[in-house]
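Comments concern the structure below.
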Amino acid sequence: MSGETSLDALLRTLKAILVDDVYVFATVPEGAVPAMLSPRMMFREAEGVTLILTRDEAIAHGLPFEFPSRMITLDIHSSLEAVGFMARIATELAREGMGVNPVAGFYHDHLFVPEGREQDALRILKRIAEDSA
C-alpha cells in the first residue's frame, strides 16, 4: 500500500494547489467519446460515460455540460485506503455552503468546487491544515 493513511498527518500537511482552467462535467453514450477529446477524467456508468474536461474543450466539441468548476489538487500522496480525509474536507466545505465533487487519483485527491468559490475553498483548506498542526 502506498500513500499516507494517517488522518492527522494528511490534515496537518494539507497543501492545496489551484489548477488553471475551468472544468465541467459532461456525459456521452458509451463508444461516443470524441476521438480528439482529452478529458481530465472518464468514468463509465450504466447510463453513459462521465467526462471531466475543460469548459473550452466541451464547447469546442459541442458537448452539453454542467457544473463549471475549479480544480484544486491536494498536494499530498494520500492512500486510496485513507479513512476520513475527504469526509473532513467535505464537511468543512459544507459548513460554508459549498458543494464539492472529489476525485481520487492514485497519488492525489482533487476537488472540483463551484467556479467563483475557489478562493473560499482554498481559505477553508488552509484553515483545516492550520487547525491540525
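A short reminder: the numbers here are calculations on the coordinates, not readings from a lab. What you see is a predicted model, and the numbers here were worked out from it, not measured in a lab.
Highest mobility in the GNM of the chain, judged by mean-square fluctuation with C-alpha springs under 10 Å and restricted to MET98, MET36, MET71, is found for MET36.
Between the alpha-carbon centres of the range 71-103 and the range 1-32 there is a gap of 8 Å. Taking the longest Cα principal axis of the chain as reference, the axis of helix 85-95 is set at about 80 degrees. The alpha carbons of the range 18-133 stretch over 47, 31, 22 Å along the principal axes, in descending order.
For the chain, with a Gaussian network of springs between Cα atoms less than 10 Å apart, report the residue from SER79, SER38, SER69 with the top mean-square fluctuation. Checking each option, the largest mean-square fluctuation is seen for SER38. Calculated mean residue ellipticity, 222 nm, the chain: -8000 deg cm²/dmol, from DSSP H runs (n ≥ 4) at -39500 (n - 2.57) each, averaged per residue and rounded to 500.
Rounded to the nearest 10 degrees, the angle from helix 118-132 to the longest Cα principal axis of the chain is 30 degrees.
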